[in-house]
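See structure below.
The values are calculated or read from the model by the stated rules, or taken from the named source; none is laboratory data. Here the structure is a predicted model, which is why all the values come from computation and not from measurement. No Cβ is skipped: glycine too gets one built from the backbone with ideal geometry, and neighbour counts run over all protein chains shown. For accessibility, only protein heavy atoms count, side chains too; no ligands or nucleic acids. Shrake-Rupley method; radii C 1.70, N 1.55, O 1.52, S 1.80 Å.
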Amino acid sequence: MFENVVWLYAIPLMWILLALITFLRFVKIPSHILQEKDVMKRRRTKRLMVFIFRGLALTLILIALAQPTIEQERTIPGDPTITLLVDHSASMDLYDNSFIEPLTEKLRETIPVELKELNTKEESPVGDFILNNLKPNSNLLIISDGRVTSGAKLDTLSQVAVSINSTISVIEPPLLQEDVAVSITGPAKTVADIENTYNIHISRATHEAYKPVELRVLIDGEEVFHETTKEEVIQVSKTFSKGVHNIIAEVSNPDFNTLNNRFILTTRVIKQPKVLLVTQVPTQLKELLDQLYDVDESGSIPADLSAYYAVIIYDMPAEALTNLEALQDFVVEGNGVFFIGGYHSFDRSSYKNSPLETMLPVTVGSYEKKRGDATIALAIDISGSSGVKYIYVPGSGKLERVESNALSIQKALAIDVLRNINEGNRVGAVAFTDSAYVVAPVEPLSKNKDELIDKISRLIGEGQTDFAVGLGGAYELVKGFNGEKNIIMITDGKTGSLAIKQNTLALARTLADLGVNIYVIGVGEGSDVEFLSEVAQLGNGLYFAADQTNKLNILFGEPEGEEVEQTIFDLFILNQFHFITQGLQLDATMTAFNQVNAKKSAQVLVTLSTGEPALTVWRYGLGRVGALTVFSGENNLGDLLRDPNSRLLTRAINWHIGDPERKEEYFIDIPDARINTPTLITVKTKDKIPQATGLSFEKIDETTYVAQYTPTVLGIDEVLGVQFAVNYPKEYEQVGLSPLLKEIARDTGGGIFAPDQVQEMLEVSTSAQNRITLSTTPLTWPFILGALILIFCEITIRRILDNWVKP
């Protein structure tokens, strides 16, 4: 493999130039010498010898400049000690721990054992506990349920352990007492007369998988659900009027801990935010808005917009939109403007090159289908969390080196990406761990597609992941090309290093400033979606889950619908990780659209099936601006006014509104809390500092004060006249063994054991003492040495020939 493959392309050119320099006559030779055949023969022989030796020497130098490397397996001696980590947090009370002491003694008969214990009771920083005990070449044996309530997440541990050549094994403790926990997620704030959905989560630690549980759900004292269920999540919905409302979930099966059998969530109905609808055409949108917001309607933009949270401009011609300066100030100050298209706006009016267009997240004009004219670099993560790993083979006493399933998936995804890209695009690829190397340089995909697929299918690797290195390597491939430049990074996003994450986010922002779009494909259930989505967002791109790579066809695939004129268009969610589109399903078809193109820093959330932008948003100053540029033939929103498609409109408007209480002169915000855990109380008031017994308020801005409050009683509490729920400690919310522990053991080459499998534990630990790792070794010096030898030989032979022909 070569780090700088571009030098190899100079070899043919070098031979051509050398041949010209060697064999062309730049000095006129006297005629009498030309007539001496022996002299001319020796001259040609000498030149041929110089040409061959110097050509070979220069070839070796160019190969050396390409930085050749070779992957080698090497054995690293490990630490002949087991570190036994025992979790004694409260959630572990469900399990039999009587085996720990005799197990420790049996292990110590064969191998040194260092015992470490976590005694935090109602808090489980299990990730921190493991990280603090990870050392290079160490063997960790963990007894825990893996339920983390604070500190580092478990999905970051595999990467760290692999990078320092450490093994993590897991002992699954026997379940002594069964337990079931219930919790609720849903909106803490809502407006009157809209449907709210709540998810009731049931967590089980039972001998029988998905053991039936009797669940009862009450809303404001009224029973809305009462069944015995095997499900893990149950949904209930409710529409509220004003006030504070209580959603209570209870499980009544007898179990070990009754504390987590009841959960309360409070939802506060707030005042409907005031919005302005600006339109000169009749629209059914007004009916939808009236159900959710306090709506004023106007045929023009008023000079004073201070009372409104958002302005909705529905199919307005440019000449009717006066007071644009007031509208721009309104947005810059932190409010929202939502433009909805139609037959009288955007390309069907005078929006193009107008002051109005500067505010929009789109430019007006024919949709530019440039698919087939982009430069794309794939950056494929082949690190330890997704590359080579070692698994214990029972009875063999050895670890077997295998390719992890994650790497196989990532290679398959990369190949699938290539199949979704128009062959007119230019595509190259790099693979990366904590360093990057070129898999294939950027060339037209029509030329190198088969070669790319072959090389990607044969990738192997391991080591710590540095995403910034991968992005940097990909940028080196695309930076010399004109036009649109894109990076598609395929990774699980796992790393235990905050510095690597920060460097990656900083580089993504820098590359976006350089005109590079970064698209990220997340691999595996344990992928760090939050981090990878942020990378894509800062990189002016999109994040896709592994099963959404077909969406790249919209961006880089074959342009559809250019030959055949369509009259019906399906809507297609392009970005499912934005507030507006997350978890949304659309089945809407539209019959018309405005001709627009998304601006560089805007986000296209929804497109037509032919690729045209349908919903595009961006930030403008402190505010938010969106453009919905699809409609139906009768100049209305058609299917988008019907549920569930209407949720796209309401979510879009809610996004433009932002905090629905920010314009209120007085409010108190107290989130639902956990018993004996501090919670933050926020009060906004223009009056004097708020007073409450036992609370000390601190001023954080001109009208806002905060104080900490620690509730001590379960149920409904009240402070300053505001009710909120107090639930059991978070330690008891998730029960049972976390599947992430098994994943960590597999990724790091460890084992998963029952308490009586002492011999198997010893075999894994002793086998792991001498680990095999894959390292990249540079091979520059043999080529440099070879070049020097050739140069020396050429000089020596030339001297001999010169002396031989002397009289």
Unsatisfied cross-links (Cα-Cα over 32 Å) in the set Lys494/Lys600; Lys501/Lys688; Lys663/Lys730; Lys46/Lys455: Lys501/Lys688; Lys663/Lys730; Lys46/Lys455
Given labels modelled 7 Å from the Cα in the Cβ direction, how far is it in nm from Asp547 to Glu195? 2.4
Which one, [x] 90, 66, 51; [y] 203, 77, 47; [z] 118, 86, 51, gives Cα extents along the principal axes in Å as derived from the coordinates shown? [z]
Roughly what would the spin-label model give for Leu779 and Ile716, points 7 Å off Cα along C-beta, in nm? 7.5
Quick one: length gained pulling Leu13 to Phe481 fully straight, 0.36 nm per residue minus the C-alpha distance? 166.4 nm
For Ser298, net neighbour charge (Lys/Arg +1, Asp/Glu -1) across residues whose Cβ lies under 13 Å away: -1
Ordering His245, His201 by accessible area with a probe of 1.4 Å, largest first, what comes out? His201, His245
Kindly report, to the nearest 10 Å², the accessible surface of Val604 as traced by a 1.4 Å probe over protein heavy atoms only. 30
Straight-line reach check, Lys447, cutoff 19 Å on alpha carbons, 8 or more apart in-chain or any other chain, hits among aspartates and glutamates -> Asp373, Asp416, Glu423, Glu558
Run through the DSSP bridge list for the chain and note the antiparallel percent, rounded to the nearest 5. 60
Sparse-neighbour loop sites [trypsin sites (Lys or Arg not before Pro); region 665-702; at most 15 other C-beta within 10 Å; DSSP]: Lys686, Lys688
I need the peptides 61-67, 783-789, 667-673 ranked by packing, meaning the mean over residues of other C-beta atoms within 10 angstrom, with the highest value on top. 61-67, 667-673, 783-789
For region 132-215, what class follows from the C-alpha gyration tensor (a ≥ b ≥ c being the square roots of its eigenvalues): rounded when a/c is under 1.5, otherwise prolate if a/b is larger than b/c, else oblate? oblate
Ordered by packing density, taken as the mean number of other Cβ atoms within 10 Å over each peptide's residues, highest first, how do 304-314, 42-52 rank? 304-314, 42-52
Give, as a single signed number, the net charge of other residues whose beta carbon lies under 12 Å from the beta carbon of Pro755, with Lys and Arg counted +1 and Asp and Glu -1. -4
Using 0.36 nm per residue, how much length does the chain from Lys211 to Gln291 gain when fully extended, once their Cα-Cα distance is taken away? 24.6 nm
Relative to the compact-globule estimate 2.2 N^0.38 Å (N residues), the Cα gyration radius of region 666-722 stands at a ratio of 1.11
Does region 642-799 classify as rounded, prolate or oblate by the C-alpha gyration tensor (a ≥ b ≥ c root eigenvalues; a/c under 1.5 gives rounded; else a/b over b/c gives prolate, otherwise oblate)? prolate
So, with a 1.4 angstrom probe, what is the percent of accessible area on the chain that is carbon and sulfur? 52
Can you give the angle from 0 to 90° between the axis of helix 646-657 and the longest principal axis of the chain, with both taken from C-alpha atoms, to the nearest 10? 90
What number comes out for accessible area per residue over the chain if the probe is 1.4 Å? Units Å², please. 46
